[in-house]
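Structure record follows, encoded as structure tokens.
The values are calculated or read from the model by the stated rules, or taken from the named source; none is laboratory data. Small disclaimer: the values here were computed from a predicted structure and weren't measured. Here the Cβ positions follow ideal geometry from the backbone for every residue, glycine too, while neighbour counts run over all protein chains shown. For accessibility, only protein heavy atoms count, side chains too; no ligands or nucleic acids. Shrake-Rupley method; radii C 1.70, N 1.55, O 1.52, S 1.80 Å.
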Amino acid sequence: MTKISPEFEETMHMEGILPVSVDVSFASNQFPKYKLGPDNQILEEPQDDDQGPSLKEVIEQETAQLSEQHKRLSVRDLACKFDKNLSSAAKLSDEAKLREVPSLEGHVLLKKLRDALEYLKGRLAGRNKEDVEKAISMVEALAVKLTQKEGELIQEKFEVKKLATFLKQASEDAKRLVNQEKSFACAEIESARAVVQRIGEALEEQEKNSDDSNKQDVEGLVEEVQEARRIKQLHQPSKVLGMEHELRALRATIREKSIISAKLQRELTMCKRAAENKSCFYGLDGSETLGSFLRIKCASDVAPPLSKCSIQWYRMSSDCSWKQVITGATKSIYALEPLDVGRTLQVEVVSNGQKVNLMTTGPIESAAGLGTHVETLLRKSNSEFNVTISQMNGQDYASNSVHVFHVGKMRMKLSRGWITKARENYSSSMQLCGVRDDRSTATKALFWQGRKGLSFMLMFESERDRNAAIMLARKYANDCNF
């Protein structure tokens, strides 16, 4: 009986050894990554330089890490794992040896069984002989299977031996690396301690120098302040500056007090007039600001209707020392115009021989932004406004087409496209004022008489345009001595 041993080739490859460290990394909590090059040379992988915190914090962190790494090294754990794997490989080798003994005994038993069956085969005949031949073939098949099994066991044994050899070599390499790492770590720790000590001494010296310089700077500042105080005491004009500041503050306070006083006086006047008007038949209604209108209203049911009363509006000085008749202002509604700004208005209502005088609560105020708008227009040589003609020579104008009203420095003109309705130079016979009408649209209307026999009632787009046109025309007429 021939023993069959299968051939096999070595196919096991050496796996790469895990990266180990040659140097201790002081900027992280683990060893840096390394690789083994030719002839087991340790190659360090390049690492990016990370920008860390301040120098003092880095030194403290590295000192703590070095102290911790001095007590324990992660390579020792690797060596322990290699030792455990080596013991496991030894156990596997012993088990293979134990399997080899029953394998040899099986071959002997199968050989004896085959010999016995061959002996029986020679003595038997017929059907029994065929059974013996079948048994012999079965025994031979078992021998072949046993031989294959032995080949597999031999291959496993060979691989286990190789693994044990590799683990033993790796364990020795790990122990060598542990010792090497330990020596390197100790050297690095000593070097880091020396660097930390030098840096600490440098920091102490720097702090000492900075304290000395700060003391010198403070002493210098104190001397400068003392010198400044001495100079200030020698020069008395500084007191004059202080008095000027005090005077400015007093002027501002007086200005605020005068504004408050004017408001209080206006409120007091309003209260007095309200008390007087309780027994009066009429009252004034409307905003006392340029761009609006004032209206006479009945304050009592027994008051005579305004259509049966005689009405006249007056301009008065702010202190009510004199008054001026407003020509043509004889309606119950009066549209304020620029000449009324800063003046107090009074209206006289006469009915059945009884005279009632009504006054505004204070001087008329200018419209917001009107002065700035007029100053902008004065920079131009000619200002144009879009208007519609409401009346011409006292008669209603049929067309509602838009015309252009030109206010220049020497003359005024009313035109529509290329057609000129009127063009007149400033003169003493020219009249320009607000419309004396009892309609609410009078705030946008203007009466212009260029010469005798030619007059217009113009309707502007807004109250601001109407008031600006009146102010510009009066300014240019005044410049022409009219």
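Tabulated results
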quantity	calculated
Spatial separation of Cα centroids for region 290-339 and region 124-155, in angstrom	144
Over 30 Å (Cα to Cα) - which of Lys182/Lys208; Lys297/Lys421; Lys272/Lys323; Lys380/Lys421; Lys409/Lys444 fall in this group	Lys182/Lys208; Lys297/Lys421
Heavy atoms of Asp211: accessible area, 1.4 Å probe, square angstrom to 10	80
Net length gained if the chain between Lys323 and Arg423 were fully extended (0.36 nm per residue, minus Cα distance)	32.6 nm
Percent RCO, i.e. relative contact order, over region 370-480, from Cα pairs under 8 Å lying at least 6 residues apart	27
Two-site label geometry, Glu461 and Asn179: point separation in nm, points 7 Å out along Cα→Cβ	10.3
Descending semi-axes in Å of region 370-480, equivalent ellipsoid built from Cα gyration tensor	20, 16, 14
Solvent-accessible area per residue, Å², over region 279-359 with all protein chains present [probe radius 1.4 Å]	49
